[in-house]
Amino acid sequence: MLAYTVRRLFSSVVLLFIGTAVVFGLTSISSNPELLLATCPPTRCGAEFRSEMIQMYQLDKTIPERYVSWLGDAVQGDLGTAVRDGRRPVTEVLGERLPKTLLLAIPAFVLTALIAVALGVYSAVRQYSVGDNALTAFSFIGISMPTFFFGLLLQVFWGVWWQEWTGTRPFYVTGYHNADFMDLVSSLTLPVATLMLVSVAGESRFGRASMLEVINSEYIRTARAKGLPERKVIFHHALRNALIPLVTIWALDFALLLSGSVITETVFAWPGIGSYFLRSITNYDLDPVMAIMVFTAAITIMFNLIADVMYGVLDPRVRYD
Amino acid sequence: MTAPLLSVKDLSVTFRSDDGDLTAVRGMSFDVMPGEVLAVVGESGSGKSVTSLAIMGLLPRSARVSGSAMFDGRELIGADLKQLRKIRGKDIAMIFQDPMTALNPVFTIGSQIVEAITLHNDMSDKAAWERATELLNLVGIPDPKRRVKLYPHEYSGGMRQRAMIAMAMANEPKLLIADEPTTALDVTIQAQVLQVIRKAQAVTGAAMVLITHDLGVVAGLADRVNVMYAGAVFESGDIDDIFYRTANPYTLGLLGSIPILTARVSDKLTPIPGAPPNLRRLPEGCPFRPRCVFATEVCHGSEPDLMAVNGGRHRSRCYHIDKVAEARAGSTV
Ligand SMILES: Nc1ncnc2c1ncn2[C@@H]1O[C@H](COP(=O)(O)OP(=O)(O)OP(=O)(O)O)[C@@H](O)[C@H]1O
Ligand SMILES: [Mg+2]
């Protein structure tokens with residue numbers, strides 16, 4: 001198990017290097033500052049600005065050369081400069097924004113997982129009941145509607161309609177507020193709820209499918225034939241097996257949340273990594289874009305590794321050697 | 001005469017589905033005496049498994065069960081779950097066909113046996129683990145102290161079935177239901193596992209319902225035999241009745257001893273020409289009629305009852321018991 005983990009760690013690092021090369025190449029091609037400069041009228045982009053850009057983005061060098069120099073800096077912890085953020089180091093800006101993304105990601109992840117498992121178990125045990133059918137309908141809406149729809153809906157509901165009806169506004173509809181704990185909770189509620197709506201819909205489907213498969217398996221019949229109460233059959237014998245395939249889903253969902261929810265953070269003006277990513281793209285601020293993509297890749301690779309190791313812990317049949 | 005341990009009367013099971021109802025068991029009646037081994041044979045789909053699951057109350061919700069199954073003075077059909085749970089695993093234990101899938105893969109063999117023990121006994125965990133080890137030893141698992149802590153996937157198929165047997169024996173049940181306990185196993189270990197089942201039955205003194213396709217097993221283990229076809233008992237009798245005084249064409253077919261079929265007697269059930277009936281649409285009259293070499297006009301009318309042969313416990317569902325007996329006598333066996 002340890003040997004396996006170490007081996008996987010090594011291959012993860014290799015994978016990450018390949019990932020950075022691909023991402024760097026694509027970023028350099030797709031938002032080429034050279035082309036931007038070429039189309040920029042000299043009145044706006046003077047000679048001085050041009051030479052500064054050329055020096056900053058090393059436009060006189062080839063992309064592979066630039067990548068090597070970027071990598072050299074990156075491994076030393078220098079991810080470049082956030083030009084549109086007071087020319088501060090990217091790592092500093094990300095350091096400020098990451099905790100705010102975590103504030104959204106962790107509660108959203110934990111609550112989603114708990115609710116999705118509960119709904120999945122309920123749906124599987126009461127397959128085709130009114131409740132199960134209602135949840136199926138809800139899931140399909142949740143999966144097929146875009147995130148921003150729910151975000152805007154919640155904002156309109158709590159920020160406009162609710163206020164019209166009651167004259168109060170129980171939650172912040174945008175922004176990050178932390179005057180005190182309740183203030184923080186209030187500003188977290190709607191973005192977390194938005195993140196959850198979509199992932200609960202998806203995860204509970206997986207939970208239901210996984211649970212259904214387990215419930216119809218023969219060892220569940222064996223458990224019943226022993227005389228076990230149904231509660232134990234479901235929550236001890238069945239759930240333990242049904243959770244195993246969910247580990248991968250959880251790892252990917254959490255990685256996605258950690259690397260910042262671009263849409264949700266933007267809709268709620270949440271100062272996390274996701275909204276920063278979108279802002280950097282629209283601003284052609286290349287270093288932060290590159291840094292966030294690499295961060296996302298690293299997180300995804302890491303959580304895949306964690307999922308695989310968890311598999312070995314949860315499922316005795318999985319042997320790593 | 002002693003009272004039967006299990007008395008099944010007029011048991012019927014119908015599965016509801018979108019394609020229409022399927023009656024898998026049609027008015028089954030049979031008794032199991034204390035300590036007796038009743039073998040149940042019949043082609044695939046004849047309702048053997050469904051019958052035993054119905055008795056245990058383990059059928060899915062889509063099944064409608066009617067009739068009666070009196071076990072030790074208690075009615076099982078329609079009993080509430082709480083009552084059934086006290087009987088399941090304690091008074092009636094089951095051994096399933098496929099030991100690969102019948103054990104929970106994420107728990108150790110020991111913990112699954114211990115669970116069965118502590119559920120029905122007031123016993124400390126430590127004592128229960130000792131008992132589990134002892135049971136594994138009893139069913140012939142070498143080095144049980146170590147193996148009790150292993151997971152199902154670390155056992156071979158034969159060992160898993162031994163572990164299932166150990167689990168079934170754990171509470172010294174009055175009745176063991178074994179549903180094709182050796183079918184999924186390697187031929188070379190079938191005999192050993194059967195030996196273990198025989199031993200388990202002897203040690204606990206339990207009665208046993210043994211569902212099997214293997215006539216060698218029937219001959220070696222059973223006191224009595226039920227031959228099932230299309231969800232009903234077609235012939236019932238002791239070993240000699242079934243093997244040497246066969247009184248039903250279907251049984252003859254299974255034994256492979258109908259002269260015109262030129263089959264020889266083998267250990268396995270012989271395939272009978274023609275397909276098993278469609279349970280959604282049984283033929284008029286006797287369900288076996290379309291495949292029966294003895295069929296006459298009378299077989300088209302109504303289905304024959306299970307009738308006594310020579311007045312004893314030997315019974316057969318056929319209008320032509322005499323003709324079958326003649327053919328039997330004339331055959332090579
Ligand atoms: N859960 C179910 N839903 C619908 N039909 C079922 C269900 N379980 C069994 N059946 C049907 O009931 C009939 C009898 O099945 P059963 O499993 O009792 O056969 P069997 O005699 O045990 O056969 P085998 O020798 O193959 O085990 C079959 O036609 C089967 O398709
Ligand atoms: Mg069966």
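The values are calculated or read from the model by the stated rules, or taken from the named source; none is laboratory data. Predicted model, so just to flag it, every value in this text is computed and none were measured. Note: ideal-geometry Cβ built from the backbone for every residue, glycine included; neighbour counts use all protein chains shown. Keep in mind that these areas ignore ligands, DNA and RNA; they rest on the heavy atoms of the full protein, side chains included. Shrake-Rupley method; radii C 1.70, N 1.55, O 1.52, S 1.80 Å.
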Modelled with pLDDT of 90 or more and either open to solvent by less than 30 Å² (accessible area, probe 1.4 Å) or within 13 Å of A:V289 (Cα to Cα) (or both): is that true of A:V93 in this structure? yes
How about segment A:208-232: which of its residues are open to solvent by less than 10 Å² (accessible area, probe 1.4 Å) and more than 10 Å from chain B (Cβ to nearest Cβ)? A:M211
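Look through segment B:100-112, keep the residues that are open to solvent by 10 Å² or more (accessible area, probe 1.4 Å) and not in a loop (DSSP other than H, G, I, E, B), and return whichever of them is farthest from the other protein chains (Cβ to nearest Cβ).
Initial filter on segment B:100-112 (open to solvent by 10 Å² or more (accessible area, probe 1.4 Å)): B:100-101, B:105, B:107-108, B:111.
Remaining after also requiring not in a loop (DSSP other than H, G, I, E, B): B:100-101, B:111.
Numbers: B:M100: 9, B:T101: 4, B:S111: 10 Å.
Selected residue: B:S111.
For B:D10, state whether it is more than 16 Å from ligand 2 (Cβ to nearest atom), away from chain A (no Cβ under 14 Å), modelled with pLDDT under 95 and open to solvent by 50 Å² or more (accessible area, probe 1.4 Å).
no
If you go through segment A:204-224 one residue at a time, how many are of a type outside the set (V, I, T) and in contact with a Phe, Trp or Tyr (Cβ under 8 Å, 6 or more places away or on another chain)?
Here is the first cut: in segment A:204-224, the residues of a type outside the set (V, I, T) are A:204-213, A:216-219, A:221, A:223-224.
Within this subset, residues satisfying the condition of being in contact with a Phe, Trp or Tyr (Cβ under 8 Å, 6 or more places away or on another chain) are A:218, A:221.
Number of matching residues: 2.
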For segment B:113-126, how many residues meet the condition of being touching a residue at least 24 places away in the same chain (Cβ under 8 Å) and either aromatic (F, W, Y) or within 8 Å of chain A (Cβ to nearest Cβ) (or both)? 3
Boolean, B:G73 is open to solvent by less than 30 Å² (accessible area, probe 1.4 Å), more than 16 Å from ligand 2 (Cβ to nearest atom) and at pLDDT below 95: no
Just checking, does segment A:33-54 include any residue being surrounded by 12 or more Cβ atoms within 10 Å (Cβ to Cβ) and either in the same structural domain as A:V185 (by TED's automatic domain parsing) or closer than 24 Å to A:W270 by Cβ (or both)? no
Look at A:G77 and say whether it is open to solvent by 40 Å² or more (accessible area, probe 1.4 Å) and more than 28 Å from A:L195 (Cα to Cα). yes
From the list B:S17, B:S52, which one is within 14 Å of chain A (Cβ to nearest Cβ), in contact (Cβ under 8 Å) with a residue 40 or more places away in the chain and within 15 Å of ligand 2 (Cβ to nearest atom)? B:S52
Across segment B:20-49, what is the total count of residues that are within 16 Å of ligand 2 (Cβ to nearest atom), open to solvent by less than 20 Å² (accessible area, probe 1.4 Å) and either within 22 Å of B:R88 (Cβ to Cβ) or of a type in the set (S, T, Y) (or both)? 8
Restrict the check to segment B:189-206 and report whether at least one residue is buried (at least 22 other Cβ atoms within 10 Å of the Cβ), part of a loop (DSSP other than H, G, I, E, B), at pLDDT below 95 and of a type outside the set (G, A, S). no
Please find, among B:A178, B:A184, the residue that is in contact with a Leu (Cβ under 9 Å, 6 or more places away or on another chain) and not in a helix (DSSP H, G or I). B:A178
Yes/no for B:H153 being under 27 Å from the mean Cα position of the chain (by Cα), more than 30 Å from B:L5 (Cβ to Cβ) and within 11 Å of chain A (Cβ to nearest Cβ): yes
If B:L103 passes every condition in (1) more than 16 Å from ligand 1 (Cβ to nearest atom); (2) out of contact with any helix residue (DSSP H, G or I) (no Cβ under 6 Å at 6 or more places or on another chain); (3) in contact (Cβ under 8 Å) with a residue 60 or more places away in the chain but one, which one does it miss? (2)
Within segment A:265-321, track down each residue that is basic (K, R) and farther than 21 Å from A:V247 by Cα. A:R279
Could you please give the count of residues in segment B:268-320 that are over 25 Å from B:R245 (Cβ atoms), within 26 Å of the chain's Cα centre (by Cα) and among the polar types (S, T, N, Q)? 1
State whether the residues of segment B:30-42 include one that is in contact with an Asp or Glu (Cβ under 6 Å, 6 or more places away or on another chain), assigned by TED's automatic domain parsing to the domain that holds B:K174 and more than 10 Å from ligand 1 (Cβ to nearest atom). yes
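Could you list, in sequence order, all residues of segment B:61-99 that are more than 20 Å from B:A170 (Cα to Cα), touching a residue at least 24 places away in the same chain (Cβ under 8 Å) and either in contact with a helix residue (DSSP H, G or I) (Cβ under 9 Å, 6 or more places away or on another chain) or away from chain A (no Cβ under 14 Å) (or both)?
B:A63, B:R64, B:V65, B:S66, B:G67, B:S68, B:A69, B:M70, B:I77, B:L81
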Looking at (1) within 16 Å of ligand 2 (Cβ to nearest atom); (2) within 29 Å of B:C292 (Cβ to Cβ); (3) of a type outside the set (S, T, N, Q), find the lone condition where B:A184 falls short. (2)
Residues to consider are A:F303, A:F268; find the one that is more than 14 Å from chain B (Cβ to nearest Cβ) and within 24 Å of A:L239 (Cβ to Cβ). A:F303
